[in-house]
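Q: Sending over a structure as structure tokens; questions will come in a sec.
All of the numbers you see were taken from the coordinates with simple rules; none came from a lab. What you are looking at is a predicted structure, and each value in this text was computed from that prediction instead of being measured. Every residue, glycine as well, gets a Cβ built from its backbone with ideal geometry; the counts of neighbours run over all protein chains shown.
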Amino acid sequence: MSTWTVLAAGGAESVRTGAWESGATVAGAVVVVLMATASLSLLRSPALDPVLRLLWLLVILAFPVAGAGLWFALGRRAPRPQDPHPA
């Protein structure tokens, strides 16, 4: 029996299907927001080499959750300013 038939009949199966679909939609939306936030953060980082920026972007796009997590954990670290007068 298809989902549409069950929904039209008003059966209990429609409640379970709707809950799973809602959960999957929310999870997908969270992944998209996480990926977009990481990408915007990456593109706004001023002191990053363009090649490194492209590599980070590819990692974020290829592995949305893990790539964004790695960017926020490791990639956003600001480079240490170099001392103009070394001792």
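Q: Give, in nm to one decimal, the length gained when the segment between residue 77 and residue 53 is fully stretched (0.36 nm per residue of separation minus the Cα-Cα distance). Before the final figure, lay out each step's value.
A: Numbers: separation 24, 0.36 × 24 = 8.64 nm, distance 1.32 nm.
Result: 7.3 nm gained on full extension.
Q: So, counting K/R as plus one and D/E as minus one, what does the shell of residues with Cβ under 15 Å around residue 52 add up to?
A: Taking every Cβ under 15 Å from that of residue 52, the sum is +3.
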